[in-house]
1. Working carefully through the options Lys447, Lys488, Lys477, Lys469, find the one that is of a type in the set (Lys, Arg) and open to solvent by less than 40 Å² (accessible area, probe 1.4 Å).
2. Any idea how many residues of region 264-292 are open to solvent by 50 Å² or more (accessible area, probe 1.4 Å), outside any strand (DSSP E or B) and within 28 Å of Gly563 (Cβ to Cβ)?
3. Here is a list of conditions, (1) within 21 Å of the chain's Cα centre (by Cα); (2) hydroxyl-bearing (Ser, Thr, Tyr); (3) not in a helix (DSSP H, G or I), and Thr406 meets all of them except one; can you say which number that is?
4. Being among the hydroxyl-bearing types (Ser, Thr, Tyr) and more than 30 Å from Ile271 (Cβ to Cβ) narrows it down to one residue among Tyr482, Tyr435; which is it?
5. Tell me, which residue of region 541-561 that is under 23 Å from the mean Cα position of the chain (by Cα) and of a type outside the set (Asp, Glu) is surrounded by the fewest Cβ atoms within 10 Å (Cβ to Cβ)?
6. Would you tally the residues in region 300-327 being open to solvent by 20 Å² or more (accessible area, probe 1.4 Å) and part of a loop (DSSP other than H, G, I, E, B)?
7. Would you check which residues across region 376-425 are of a type in the set (S, T, N, Q) and modelled with pLDDT of 90 or more and list them?
8. Quick one: count up the residues across region 410-435 that are open to solvent by less than 30 Å² (accessible area, probe 1.4 Å) and within 23 Å of the chain's Cα centre (by Cα).
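The values are calculated or read from the model by the stated rules, or taken from the named source; none is laboratory data. Keep in mind it's a predicted model, so treat the numbers as computed, not measured. Because the Cβ atoms are built from the backbone with ideal geometry, glycine has one as well, and the counts that use them run over all protein chains shown. Note: areas computed on protein heavy atoms with side chains; ligands, DNA, RNA excluded. Shrake-Rupley method; radii C 1.70, N 1.55, O 1.52, S 1.80 Å.
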Amino acid sequence: MTPEKRFLLAMSLSLLFLMIWGQVMVKKRQAALKKRQEQQQQVQQNNNAQNNNDAQKNDNAQKKEQNNNENNNENNNENNNENNNENNNENNNKNNDENNNENEKQQQDIEDEKFVVETPKYYMTWTNKGGSLVSLKLKEYVTGDTDKKKEGWQNNQENWLDIIPEFNTRHLSLTFANNTGNKEKLSASSLSSLLWNVINETDKNPRRLIFTKTDNGVLYKKIFTFTDENIIKGEVVITNTKDQKVTCSPAIGGSSGISWECADKTVSQFITLHHFYRNHKGNPVSSYEYLDTATADDFSIQNNFSWLSIDNKYFSTVIEAVNPKEVSGITSQSFSPDIFYIQKNISAKREKGETPNEKDLKAIKLFAPILQFASFDLAKGESKTLQFHFRAGSKVDLAKDNKEFTLLEDFGMFDFVARFLLAVATLFAGIFGNYGIAIICMTICIKLILFPLTKKQQLSMQKYQKSMKVIQPQLKKLQQKYKNNRQKLNQEMMALYKKHNVNPIPVGGCLPIFIQIPIFIGLYQSLQYSILLRQETFLWVTDLAQPDRFMLVDWSLFNSVFGDYLNILPIIMTVLWILQQKLMPRPESPEMQQQQKIFMFMTIFFGFLFYSLPSGLVMYWLTVNLISIGEQLIIRKLKEKQEA
């Protein structure tokens with residue numbers, strides 16, 4: 001086998017190995033994640049059982065204490081009858097105070113109150129339970145199921161994108177916790193489960209919600225100020241009303257999870273925890289954690305973080321400390337969606353005729369990021385104010401508000417290529433009014449730019465095959481003559497190549513392929529994560545950022561392999577790719593013929609890989625194959641004219 005054949009074969013086998021290895025690693029990671037989730041669920045069940053036992057013990061203790069109080073009251077009354085009226089009044093006042101405290105404790109069992117707050121950007125539901133945010137909808141974006149043919153669809157709040165749904169009634173957003181000296185977890189503080197007093201000033205200017213609560217001698221006040229932009233300004237005022245000093249270690253939670261716009265089984269691939277801080281030189285440092293890391297019970301990073309966020313493919317929720325120096329680190333609190341949320345999703349899928357996978361939904365694990373503030377002491381009557389900002393929106397919109405948030409929209413190693421291609425596609429979309437046409441026009445431009453290289457590649461390959469056809473008999477003689485001396489065989493073969501001016505590795509023929517790799521990867525990243533293509537239509541495609549979903553298929557065997565929908569574009573792309581391979585000149589050597597069969601197998605293999613990729617990306621590669629077929633025919637005719 002010649003060196004160039006071994007090189008091409010090695011490249012093909014390496015690519016195949018990497019793909020198989022990648023799939024194996026994904027399976028291992030999913031298995032490890034599943035095992036970790038099962039362990040966490042077991043721990044959570046044990047904790048719930050322990051909490052129930054503790055609650056029962058507390059109830060028994062309270063009843064016992066109440067009986068003791070009643071007995072004491074009776075004894076006090078008997079003693080008071082023997083004492084003067086002044087002592088009777090003092091005891092009665094004391095009993096009234098105890099009764100008032102008991103009534104305040106009983107108010108915790110009252111059902112919490114929910115109320116709606118609306119701004120030009122947000123539609124929010126708040127609750128006095130913990131003074132927390134229950135859910136948040138973005139009014140400028142709608143769900144993928146929205147019927148845009150109906151009049152008034154943009155102003156219907158049922159269509160607005162619920163970026164922070166009520167996943168779990170026990171885990172809400174923008175909660176507050178405080179460790180006043182004990183060693184309990186901040187996320188387990190009772191402050192998030194208590195009912196707070198509410199002052200609703202959303203009809204005034206500035207629009208505000210104020211929550212207050214006194215707990216263990218400390219007064220807490222949470223103030224949320226609403227604006228017309230993608231920001232909620234928050235502050236927590238902590239006041240010590242005790243006679244002695246109090247040590248506080250407060251923590252503020254971000255959004256409790258985020259909605260996802262991907263298949264249920266791929267949630268772990270598209271939801272991340274992003275955090276940002278400045279190092280000792282003042283330079284920005286940004287990194288992110290995948291879902292399986294962020295949902296770990298022991299997740300904790302100590303640093304002066306400026307902000308942290310939860311991201312999906314297109315949207316983010318960000319909690320930002322006004323004074324990062326007050327922040328000591330971050331943690332996260334993991335949870336699973338409640339059964340009511342799971343059933344809601346199952347019902348929605350069934351209404352569309354899709355097959356819900358309850359197992360995938362139940363396996364989903366989400367998290368709420370928590371900003372931990374450094375501990376501080378408060379003397380009697382002293383107060384401390386902590387300020388933060390909360391934002392929710394698309395990554396593009398958030399980047400307009402703060403340049404640091406451009407880090408949220410990361411297109412990977414070829415970020416600059418992805419952004420350039422998006423700019424070109426946006427330019428064509430502005431001209432033609434459709435991103436599908438824009439992708440086709442952009443592909444034509446790319447192919448026109450690369451045509452001189454493509455022409456050189458094909459002519460080089462044809463010249464190479466013609467030269468190899470001439471020296472093939474001599475190569476066979478050399479292989480037979482030096483079959484037991486590999487070193488001598490290679491020397492003679494190189495001498496033969498040099499004599500006939502043949503390059504054993506036609507690098508010029510591979511150059512267009514190498515140039516297209518960053519273009520393909522950049523385009524893949526941009527179409528996968530850019531919101532510009534979200535819900536953009538073309539022909540039957542309703543969302544260029546999703547598979548084309550030509551028709552719903554109700555066949556269990558098909559559904560188990562390909563899902564609920566038949567995607568036509570990947571099939572057309574694969575057929576054109578095979579046709580392109582068939583138009584390639586048939587090589588003379590058996591090794592090259594075998595290599596051509598490997599390429600044919602890789603074409604079909606890539607067809608399966610492309611089946612669930614965004615339709616915009618498939619459309620790009622389909623157009624590339626179609627144009628490549630035309631290029632081959634044109635170059636073949638040009639060569640025939642030159643030879644004639």
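1. Working: Lys488 fails: open to solvent by less than 40 Å² (accessible area, probe 1.4 Å); Lys477 fails: open to solvent by less than 40 Å² (accessible area, probe 1.4 Å); Lys469 fails: open to solvent by less than 40 Å² (accessible area, probe 1.4 Å).
When all the criteria are applied, what remains is Lys447.
2. 2
3. (3)
4. Values: Tyr435 fails: more than 30 Å from Ile271 (Cβ to Cβ).
Exactly one of Tyr482, Tyr435 is among the hydroxyl-bearing types (Ser, Thr, Tyr) and more than 30 Å from Ile271 (Cβ to Cβ), namely Tyr482.
5. Step one: of region 541-561, the residues under 23 Å from the mean Cα position of the chain (by Cα) are 542-549.
When the remaining residues are screened for being of a type outside the set (Asp, Glu), the result is 542, 544-547, 549.
Details: Thr542: 15, Leu544: 25, Ala545: 24, Gln546: 22, Pro547: 23, Arg549: 18.
Only one residue fits best here, namely Thr542.
6. Residues meeting the conditions: 4.
7. Applying the first criterion (of a type in the set (S, T, N, Q)) to region 376-425 yields 383, 385, 387, 394, 402, 406.
Passing the criteria: Ser383, Thr385, Gln387, Ser394.
8. Matching residues across region 410-435 total 5.
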